[in-house]
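S.K.: Below you'll find the structure I mean.
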Amino acid sequence: MAVEPGSDASTVPKHIHEFRDPIHTFIHVSSEERDIIDSRPVQRLRHIHQLALTFMVYPGATHRRFEHSLGVMELASRIFDTVTDREHLHSDAVKGLAELTDTAKLPYWRAVVRLAALCHDIGHLPFSHAAEDRLPKGWNHERLSRELLRSEELSGLLGSITPPVRVEDVVKLAVGAKGYGEPLSMWEAILAEIITGDALGSDRIDYLLRDAHHTGVAYGRFDHYRLIECMRILPKPGTDLAEFTLGIEVGGLQSAESLLLARYLMYSQVYFHAVRRAYDCHLNDFLERWLPDGRFSTDLERHLSVTDDEILSAIAECARNDSHAAHVHAARIFSRKHFKLLRDVGSAGKDFLDAGENVYAAVCERYGADAVRRDRYFQRESVVDFPVLDRDGSTVSSLQLSSLLTRLPTVKFDYVFIDPEHLDDARIWLKAHEASIMGQSVENS
């Protein structure tokens, strides 16, 4: 909009607004998108840590879900623009995809993708994934996101956009097929992949880059500019070419490999850092005793009113009140008196979960269950497959072209923690106990 000579530029209404961002430099939003950003469900994310209590281990990890959501929106629109560009539709079959041929509707779907990306995390509990077990059975953050998007506040804002955005379109893309609970159309599934895809989704791209930046580690960095530039809508390999999904040109394969390697390294070095997971155990112990019935409410108003701020304040208060039922667990967090890692049984082979159970049971029997905690994770499937457009114009599986993707290690751990008061004795005892068991096994054989 032109500014008249002598006028005050500050009085000219802005229709595009920008956020400064350490990862993407500038994130631009429209006035209507800013109305969504200013809503209670999105503003609440300013008070939800992206990585729970990881800042107790990596002091810089104090970033929030709010800036991550803005970043996912920025990346999702970049990916959408790339994959819907007519110059990037290499296959006649893809060019025949009805939604791509109706170019008049592409701006609508671009708006939906951006809003779904912005709102994909609004259902997160305080401390994000670390507290998800504290929801009633049948609930998770995706279900809360669905309900919030359908609420009067957000559905009204979405309906007031020009042209109005259908709430269910936003819901489907925000939570994906798994979170939605019903099948999506092929077009919806492609757009959901742009946000939540296991291999190339904007959610994963942003959190790896952002978490690496704020924790101060290099593991999560990769060439996301090249990756997005090479993304394409491609036929699924091995199908009749009538099924499409998000894929990549062969020139971007190394960038995709770097992303998936970064994911493995960030999971093993940051997200599943043993001390960080010990704090998760203490946080859940605290919440179990502090929350009514040990569970967060699924009432949307109560959900919107509880953030990390209230929980951290309660932890500090309970840590100073030795008569409170949650005092011991709050003090563990507040005073950094966390349980120590006694054993990681994650390298015990295919039966490591059984091995972890045996170690946990033996240590509990000797030192008491209150002095021991166990935290475990087993990635069922580490191989991620996506179509790659080869130089000869054919579409092949990424696993045919990348030996690295077929050899990515499985993320797994089985931590047994113990009260530091017993740590030295427990190490000596456990070593002798396991040696005794091994000796008995040799004798029996």
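What follows draws every value from the coordinates through simple rules; no lab data is involved. Fair warning: this is a prediction, and the values are worked out from it, not measured in the lab. Reconstructed Cβ throughout: ideal geometry from the backbone, glycine too, with neighbour counts over all protein chains shown.
S.K.: For the chain, find the longest principal axis of its Cα atoms and tell me its angle to the long axis of helix 202-215, 0 to 90°, nearest 10.
M.R.: 50
S.K.: Can you give the helix-only mean residue ellipticity at 222 nm for the chain, where every DSSP H stretch with n ≥ 4 adds -39500 (n - 2.57) and the sum goes over all residues, rounded to the nearest 500 deg cm²/dmol?
M.R.: Value at 222 nm, helices only: -14500 deg cm²/dmol.
S.K.: What are the semi-axes of the equivalent ellipsoid for the stretch 16-275, taken as the square roots of 5 times the Cα gyration tensor eigenvalues, largest first, in whole Å?
M.R.: Here the semi-axes work out to 28, 23, 17 Å.
S.K.: Further question: Is the chain rounded, prolate or oblate when judged by the Cα gyration tensor, a ≥ b ≥ c being the square roots of its eigenvalues, rounded requiring a/c under 1.5 and prolate requiring a/b larger than b/c?
M.R.: In terms of gyration-tensor shape, oblate.
S.K.: Which order results if 102, 211 are arranged by neighbouring Cβ count within 10 Å, fewest first?
M.R.: Going from least to most buried by this count: 102, 211.
S.K.: Summing Lys, Arg as +1 and Asp, Glu as -1, what charge do residues with Cβ under 12 Å from the Cβ of residue 42 carry, residue 42 excluded?
M.R.: 0
S.K.: Moving on to the next point. Expressed as a rounded percentage, what relative contact order does the stretch 16-275 have, with Cα pairs under 8 Å and six or more residues apart?
M.R.: Rounded, it is 19 percent for the stretch 16-275.
S.K.: Counting only other residues whose beta carbon sits under 12 Å from that of residue 201, what net charge do I get with K and R as +1, D and E as -1?
M.R.: Charge balance in the 12 Å sphere: -2.
S.K.: With a cut-off of at most 14 other beta carbons within 10 Å, and DSSP calling the residue loop, which trypsin sites (Lys or Arg not before Pro) in the stretch 350-422 qualify? Please list them.
M.R.: 350, 380, 391, 407
S.K.: Here is a further query. So what's the angle, to the nearest 10 degrees on a 0 to 90 scale, between helix 65-84 and the longest Cα principal axis of the chain?
M.R.: 50
S.K.: Give, as a single signed number, the net charge of other residues whose beta carbon lies under 14 Å from the beta carbon of residue 169, with Lys and Arg counted +1 and Asp and Glu -1.
M.R.: The answer is +3.
S.K.: Continuing with this model, one more query. For the stretch 240-370, report the convex hull volume of the alpha-carbon atoms normalised per residue, in Å³, without decimals.
M.R.: 237
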